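To keep things clear, I will list the structure first and then write my remarks on it.
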Amino acid sequence: MAHALVTGANRGIGLEFVRQLLARGERVVATCRHPGRALELTRLAGAHPGHLLVLPLTLPDTRSIAELVREIATLDLRIGLLVNNAGMLVEGERFGAIDAKALADSFATNAQGPFLLAQALAPRLAEGARVANLTSTLGSIGSTDSLYSPSYSISKAALNMASRLLALALEPRRAIVIALCPGWVRTDMGGANAPLGAPESVAAMLRVIDALKPGDSGSFLSERGHPIPW
Ligand SMILES: NC(=O)c1ccc[n+]([C@@H]2O[C@H](COP(=O)([O-])OP(=O)(O)OC[C@H]3O[C@@H](n4cnc5c(N)ncnc54)[C@H](OP(=O)(O)O)[C@@H]3O)[C@@H](O)[C@H]2O)c1
């Protein structure tokens, strides 16, 4: 049975993906920076024996990615769903004072990391696997009309391009790759005023992922499956 792999799985949307995938009986590899501190993942692993493997991954560290892929190969796991969920947002940016490190870190975590991970995992993807890169409407060039969070927006626009390129690169494996926006969700990143809870957002995204057809590969979709302008 192919596994689902979720990055940034210790909290927020990633943790909710793990909960819902386990609840429907799937086998899950949950990655996070510090498995020893991921208490809810440890609890879930105990509650779903043999169904949840928690492994370390810090993005975009190439050694960390290589160790994860080596472990997956050693266990001879196939990945049927890759959720590139881990991401970061630098709060309070103001044009005139945008920090080079904020731009570089955002690109590294939000674009470089998912791209390098998908590239490294490509040989372990099951035939017809799905890859969901969690992006944002803030990365939509076509609908941007404010200067909100430039480092985040630039990095998510780069992730959108990475998604198109991965769709082409993984076509021979018949993988379906999408850029998927979860909506505005109440998490540490989304804040308390967001209209969607993580359970509702993830349930909607799983419906979109489950319904994907080969022709959808390379598209940019909302959590309801509506196309978003690039
Ligand atoms: N919430 C929203 O409204 C919203 C809207 C649009 C898009 N998104 C996207 O949805 C995804 C999940 O967002 P969220 O709201 O759940 O965010 P969150 O609550 O801030 O959680 C972010 C997750 O990413 C992990 N992470 C951050 N940097 C990492 C790195 N360098 N290496 C490995 N893991 C790293 C974090 O791990 P640590 O605990 O170790 O920091 C955490 O598990 C992100 O890609 C985000 O951009 C969210």
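Scanning region 189-229 for residues that are more than 16 Å from the chain's Cα centre (by Cα), surrounded by fewer than 17 Cβ atoms within 10 Å (Cβ to Cβ) and part of a loop (DSSP other than H, G, I, E, B) yields Gly191, Ala192, Asn193, Ala194, Pro195, Gly197, Ala211, Lys213, Arg224, His226, Pro229.
Does region 96-108 contain any residue that is touching a residue at least 40 places away in the same chain (Cβ under 8 Å), touching a strand residue (DSSP E or B) at 6+ places or on another chain (Cβ under 8 Å) and part of a helix (DSSP H, G or I)? Looking for residues that are touching a residue at least 40 places away in the same chain (Cβ under 8 Å), touching a strand residue (DSSP E or B) at 6+ places or on another chain (Cβ under 8 Å) and part of a helix (DSSP H, G or I), one finds none in region 96-108, hence no. From the list Asp105, Asp76, the one residue that fits, being at negative phi, charged (D, E, K, R) and surrounded by fewer than 18 Cβ atoms within 10 Å (Cβ to Cβ), is Asp105. Residues of region 167-197 that are within 16 Å of Leu15 (Cα to Cα), of a type in the set (Gly, Ala, Ser) and touching a Phe, Trp or Tyr at 6+ places or on another chain (Cβ under 8 Å): Gly190 alone. The set of residues in region 171-189 being within 14 Å of the ligand (Cβ to nearest atom), in contact (Cβ under 8 Å) with a residue 24 or more places away in the chain and not hydroxyl-bearing (Ser, Thr, Tyr) consists of Ile178, Ala179, Leu180, Cys181, Pro182, Gly183, Val185, Asp188, Met189. Taking (1) assigned to a helix (DSSP H, G or I); (2) touching a helix residue (DSSP H, G or I) at 6+ places or on another chain (Cβ under 7 Å); (3) not hydroxyl-bearing (Ser, Thr, Tyr) in turn, Asn133 satisfies each apart from (1). Counting only residues that are more than 17 Å from the chain's Cα centre (by Cα) and under 27 Å from Ala4 (Cα atoms), how many does region 103-123 have? Here the count works out to 1.
Just one of the listed residues (Ala129, Ala162, Ala211) is more than 12 Å from the ligand (Cβ to nearest atom), in contact (Cβ under 8 Å) with a residue 60 or more places away in the chain and at negative phi, and it is Ala129.
The set of residues in region 140-159 that are modelled with pLDDT under 95, over 17 Å from Gly183 (Cα atoms) and either within 13 Å of the ligand (Cβ to nearest atom) or in contact with a helix residue (DSSP H, G or I) (Cβ under 8 Å, 6 or more places away or on another chain) (or both) is empty.
The values are calculated or read from the model by the stated rules, or taken from the named source; none is laboratory data. Small disclaimer: the values here were computed from a predicted structure and weren't measured. Glycine also receives a Cβ, built like all others from the backbone with ideal geometry; neighbour counts cover every protein chain displayed.
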